[in-house]
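Everything on this sheet refers to the single structure shown next.
The values are calculated or read from the model by the stated rules, or taken from the named source; none is laboratory data. Since the structure is predicted, the reported quantities are computational estimates derived from the model, not experimental observations. Cβ placement follows ideal geometry from the backbone for every residue including glycine, while neighbour counts extend to all protein chains displayed. Surface areas here come from the heavy atoms of the whole protein model, side chains and all, with no ligands, DNA or RNA. Shrake-Rupley method; radii C 1.70, N 1.55, O 1.52, S 1.80 Å.
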Amino acid sequence: MAPGLGPKEKAYAGVLVFRDGRQTRTVTSFSLGHQDRAPGSNRDVASLDIRLSDEVGSLTVGPNPLVT
């Protein structure tokens, strides 16, 4: 199994925020859930609360956003 991230290390992920034709809403912050590294466990182990910067302002999201 590949090593995880350590403190103060960076990683990047894509966020699929909405799909065409779905109802959306505008947010100024959101949370991402970290899941257990065991394949197929789908167990949430931590969450990360993200506030959008003043430069970004807001984000339009649909009902089921995904992280790559």
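Just one of the numbered conditions (1) polar (S, T, N, Q); (2) open to solvent by 70 Å² or more (accessible area, probe 1.4 Å); (3) over 10 Å from the mean Cα position of the chain (by Cα) is not true of SER29; which one?
(2)
Between a first residue in segment 28-40 that is farther than 17 Å from LEU66 by Cβ and of a type in the set (Ser, Thr, Tyr) and a second residue that is open to solvent by 50 Å² or more (accessible area, probe 1.4 Å) and not in a strand (DSSP E or B), which pairs have beta carbons less than 6 Å apart while being 6 or more apart in sequence or on different chains?
As it stands, the answer is THR28/SER58, since those pairs meet every condition given.
Test each condition in (1) exposed (fewer than 10 other Cβ atoms within 10 Å of the Cβ); (2) touching a residue at least 24 places away in the same chain (Cβ under 8 Å); (3) outside any loop (DSSP other than H, G, I, E, B) for LEU48 and report the one that comes out false.
So the condition that LEU48 fails would be (2).
Only residues that are open to solvent by 80 Å² or more (accessible area, probe 1.4 Å) and polar (S, T, N, Q): list them for segment 32-45, please.
Those that are open to solvent by 80 Å² or more (accessible area, probe 1.4 Å) and polar (S, T, N, Q): GLN35, ASN42.
If you go through segment 9-45 one residue at a time, how many are basic (Lys, Arg), modelled with pLDDT of 85 or more and part of a loop (DSSP other than H, G, I, E, B)? Break it down into steps so the answer makes sense when it comes.
Going residue by residue through segment 9-45, those that are basic (Lys, Arg) are 10, 19, 22, 25, 37, 43.
Narrowing the set further to residues that are modelled with pLDDT of 85 or more leaves 19, 22, 25.
Now restrict to residues that are part of a loop (DSSP other than H, G, I, E, B): 19, 22.
Number of matching residues: 2.
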